[in-house]
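The values are calculated or read from the model by the stated rules, or taken from the named source; none is laboratory data. On a predicted model such as this, the values are computed, not experimentally measured, just so you know. Virtual Cβ from ideal backbone geometry, glycine too; neighbours counted across all protein chains shown.
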Ligand code: PLP
């Protein structure tokens, strides 16, 4: 089995699993309980919050646990509109966001908020020069993802923040594909809101967080008990929170080596495939500094991406067509279309995404399997 779909999800790290087990067994206390077991659970949640905050340069009370990237994105987009209130507002986002952001925008659009789209160039880099023109007095949020999940392009979030803040507009970034893989610090970036999801960095599924910069006031996502400073009520998923913090710490300890190794595998794949067929096109940014090390989007003219996925699947190789979350849809990817691919070329595309567990032998296996077809 060759698993090369790490942008869809990753294997739970052994250390994270080990760290989680005590909270699923004897340490099952409710963090809101006043007794010893409750206090132990509360301490575990507190320590995880501190560790996660430290990992991105935030303070602990700026980290709000959620069920993952989708929830964090929805919370960020919808609550900023709700907090500012009223019709006639607008949000600026990019044409290549994940559906968690795009569909959250669509939901607020149904309530009268206008959505304005920043176009991207052929490498998936947003046309920053158009941002100032897209914002006006009624703009309440700019939401641009840090690393794209289909083509891996990384945006210059710092510059986006500068342009938005110059007009007093808040910035949210969906950093789901970036956290644990690309080193950054929220203070240097200057973002107001940032979404993350543990299962993209070898943590458990169903847990993530939203970073909310101090001073940014959001209405509660869920009303109930006082958890998450009263903004997202509900008994905490203690084991998952602990697992997420362990997985993130583990990634960050080794981020330089892991991303260099993964980038090397991606380069090896590109070289191997170029030799097979010079017409193969690689989507995303040319400059390694502006692309996710492990995500390789490959367009093979004349082939069906879905067909290739099934051929590889039969050989025990797991890859994806475009975004995994959309892989049951027959429509071609909005990301690939936004960078200028025709419907046909978009449908001739697969995404191979490596993680730190992949090896050179995996790359050779993929090239060998594709050599029979392309
Ligand atoms: N945002 C991006 C960029 C993603 O890649 C994903 C998942 O694929 C999500 C959001 C959704 O995250 P989750 O699966 O944790 O809901």
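In the set (1) more than 16 Å from the ligand (Cβ to nearest atom); (2) over 30 Å from residue 268 (Cβ atoms), residue 55 fails one condition alone, (2). If you go through the range 283-304 and pick out every residue that is closer than 22 Å to residue 153 by Cβ and either assigned to a loop (DSSP other than H, G, I, E, B) or touching a helix residue (DSSP H, G or I) at 6+ places or on another chain (Cβ under 6 Å) (or both), you end up with 11. Of all residues in the range 165-215, those satisfying the criterion of being away from the ligand (no atom under 16 Å from the Cβ), in contact (Cβ under 8 Å) with a residue 60 or more places away in the chain and outside any loop (DSSP other than H, G, I, E, B) are 170, 186, 187, 188, 212. Taken together, the criteria exclude residue 264 from residues that are more than 16 Å from the ligand (Cβ to nearest atom), part of a helix (DSSP H, G or I) and surrounded by 15 or more Cβ atoms within 10 Å (Cβ to Cβ). Residues in the range 310-332 that are modelled with pLDDT of 95 or more and surrounded by 24 or more Cβ atoms within 10 Å (Cβ to Cβ): 319, 320. Only residues that are assigned to a helix (DSSP H, G or I) and without any contact (Cβ under 8 Å) to a residue 24 or more places away in the chain: list them for the range 28-48, please. Once the filter is applied, which keeps residues that are assigned to a helix (DSSP H, G or I) and without any contact (Cβ under 8 Å) to a residue 24 or more places away in the chain, the range 28-48 yields 36, 37, 38, 39, 40, 42, 43, 46. Filtering 363, 335 for residues that are buried (at least 23 other Cβ atoms within 10 Å of the Cβ), over 30 Å from residue 119 (Cβ atoms) and in contact (Cβ under 8 Å) with a residue 24 or more places away in the chain leaves a single hit, 363.
Table: residues versus (1) within 16 Å of the ligand (Cβ to nearest atom); (2) buried (at least 21 other Cβ atoms within 10 Å of the Cβ); (3) under 16 Å from the mean Cα position of the chain (by Cα).
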site: 225; (1), (2), (3): no, no, no
site: 255; (1), (2), (3): no, no, no
site: 271; (1), (2), (3): no, no, no
site: 274; (1), (2), (3): no, no, no
site: 291; (1), (2), (3): yes, yes, yes
site: 308; (1), (2), (3): no, yes, no
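Of everything listed in (1) part of a loop (DSSP other than H, G, I, E, B); (2) closer than 23 Å to residue 202 by Cα, the single unmet condition for residue 351 is (1).
For (1) over 21 Å from the mean Cα position of the chain (by Cα); (2) more than 15 Å from the ligand (Cβ to nearest atom), each residue gets a yes or a no:
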site: 66; (1), (2): no, no
site: 85; (1), (2): yes, yes
site: 89; (1), (2): yes, yes
site: 96; (1), (2): no, no
site: 101; (1), (2): no, no
site: 119; (1), (2): no, yes
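Scanning the range 232-240 for any residue that is within 16 Å of the ligand (Cβ to nearest atom), surrounded by 22 or more Cβ atoms within 10 Å (Cβ to Cβ) and in a helix (DSSP H, G or I) turns up at least one such residue.
For first residues located in the range 1-13 and closer than 18 Å to residue 240 by Cα and modelled with pLDDT of 95 or more, partners that are away from the ligand (no atom under 16 Å from the Cβ) and not in a strand (DSSP E or B) and lie 6+ apart or on another chain with Cβ distances below 6 Å form the pairs 13/250.
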